[in-house]
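Read through the structure below, which is laid out as structure tokens, and then see the notes.
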Amino acid sequence: MTSERAPAAGIGRFGLCSGCSYYPDTLNAHRCTPGDACIRAHSGRQIDRFLRQNPDEAAHFLDDLFWERRAIAARYAAVDAIYGLKTDPDEVVRRVVATRLPVEQLAAMLGDADREVRLSVAARLPPAQLNRLIDDPDYLIRATVARRLPHGQLARLVRDPEREVRKVVAGRLPPFALHLLAADPEPEVRALVAERALPGLAAALLQDPEWWVRLAAVGNAPTDFLPPLADDPEPEVRDAVRARLAENPPA
């Protein structure tokens, strides 16, 4: 009795190669590998490996029913072929599109429902258009905007409800405008202000109730204002004051 030889994995009617338009030519050309680089597999890694080797085929899968196949195809297809995916029903596909579109096409995705899509838009949008995201409901978007917004428009975010956004603003405002955040309710924000403050504002912040704000202000305040803090209840503030006075005694 002779035993029938088992078919090779992925070949013929026993695997994904059965009925595949890339079989056998692409397989024979070593541009796909069953179980490793396969466009028909439900494996993102295999799909990516296939399209990495065959990027010219990506455009054929931009309308695929499988969201991951569309998303990976959008990475490799020519940019002008993916414009229609700006409104794809899957957010992962739209995230890929948002990272690849020309900046002049990004405005259409400003109101995307997915935060990651809007983050990509905020990171790439021309600075002159960033004001359109200043009121985004997600603070991460607003923080990204604050990092890129032209300095002249930063004052619009000094009253942002989220501390992390105001911290970004405190790190970027021109020193002459830092008074806008000097009375911020969060000491972390006030400390950032104190680190960059002009002498007059730094002197005022020496009276802050939080010791780390006072400590930050010591480095910028005129030395004439420092002696009272030589007896500050916090040892780090006292040490910083004494070190500064030793280097630059009051006039």
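Provide a single number: the residues in region 138-160 that are touching a helix residue (DSSP H, G or I) at 6+ places or on another chain (Cβ under 9 Å) and without any contact (Cβ under 8 Å) to a residue 12 or more places away in the chain. Residues flagged as touching a helix residue (DSSP H, G or I) at 6+ places or on another chain (Cβ under 9 Å) and without any contact (Cβ under 8 Å) to a residue 12 or more places away in the chain within region 138-160 amount to 1. Of the residues making up region 57-71, just one is under 17 Å from Arg100 (Cα atoms) and either β-branched (Val, Ile, Thr) or outside any helix (DSSP H, G or I) (or both), namely Leu62.
Within region 167-217, the set of residues being more than 14 Å from Val241 (Cα to Cα), in a loop (DSSP other than H, G, I, E, B) and not charged (D, E, K, R) comprises Leu173, Pro174, Ala182, Ala183, Pro185, Ala197, Leu198, Pro209.
For region 102-113, enumerate the residues that are of a type outside the set (D, E, K, R) and out of contact with any Ser or Thr (no Cβ under 9 Å at 6 or more places or on another chain).
Hits for region 102-113 are Pro102, Val103, Gln105, Ala107, Leu110, Gly111, Ala113.
Consider region 165-185 and keep the residues that are open to solvent by 60 Å² or more (accessible area, probe 1.4 Å) and of a type outside the set (A, V, I, L, M). The one that is nearest to Arg148 (Cα to Cα) is Phe176.
Of the listed requirements (1) assigned to a helix (DSSP H, G or I); (2) open to solvent by 20 Å² or more (accessible area, probe 1.4 Å), Pro161 misses just one: (1). Here are the criteria: (1) within 18 Å of Phe61 (Cβ to Cβ); (2) polar (S, T, N, Q); (3) modelled with pLDDT under 95. Tell me which single one Thr87 does not satisfy. The failed condition is (3).
Taking first residues from region 166-177 that are within 11 Å of Arg190 (Cα to Cα) and partners that are of a type in the set (Asp, Glu) and buried (at least 17 other Cβ atoms within 10 Å of the Cβ), the Cβ contacts under 7 Å between residues at least 6 apart in sequence or on separate chains come to Arg166/Asp160; Arg166/Asp184. For region 63-76, residues that are touching an Asp or Glu at 6+ places or on another chain (Cβ under 9 Å) and buried (at least 16 other Cβ atoms within 10 Å of the Cβ) total 8. Does at least one position in region 218-227 carry a residue that is among the polar types (S, T, N, Q) and either touching an Asp or Glu at 6+ places or on another chain (Cβ under 6 Å) or assigned to a loop (DSSP other than H, G, I, E, B) (or both)? Looking for residues that are among the polar types (S, T, N, Q) and either touching an Asp or Glu at 6+ places or on another chain (Cβ under 6 Å) or assigned to a loop (DSSP other than H, G, I, E, B) (or both), one finds at least one in region 218-227, hence yes. Quick check on region 224-231. Is at least one of its residues over 31 Å from the mean Cα position of the chain (by Cα), of a type in the set (Phe, Trp, Tyr) and buried (at least 16 other Cβ atoms within 10 Å of the Cβ)? Looking through region 224-231, at least one residue is over 31 Å from the mean Cα position of the chain (by Cα), of a type in the set (Phe, Trp, Tyr) and buried (at least 16 other Cβ atoms within 10 Å of the Cβ).
The values are calculated or read from the model by the stated rules, or taken from the named source; none is laboratory data. Just so it is clear, the structure is predicted and the values come from calculations on it, not from any experiment. Neighbour counts run over all protein chains shown; Cβ positions are idealised from the backbone, glycine included. In case anyone asks, the SASA skips ligands and DNA or RNA and just uses the protein heavy atoms, side chains included. Shrake-Rupley method; radii C 1.70, N 1.55, O 1.52, S 1.80 Å.
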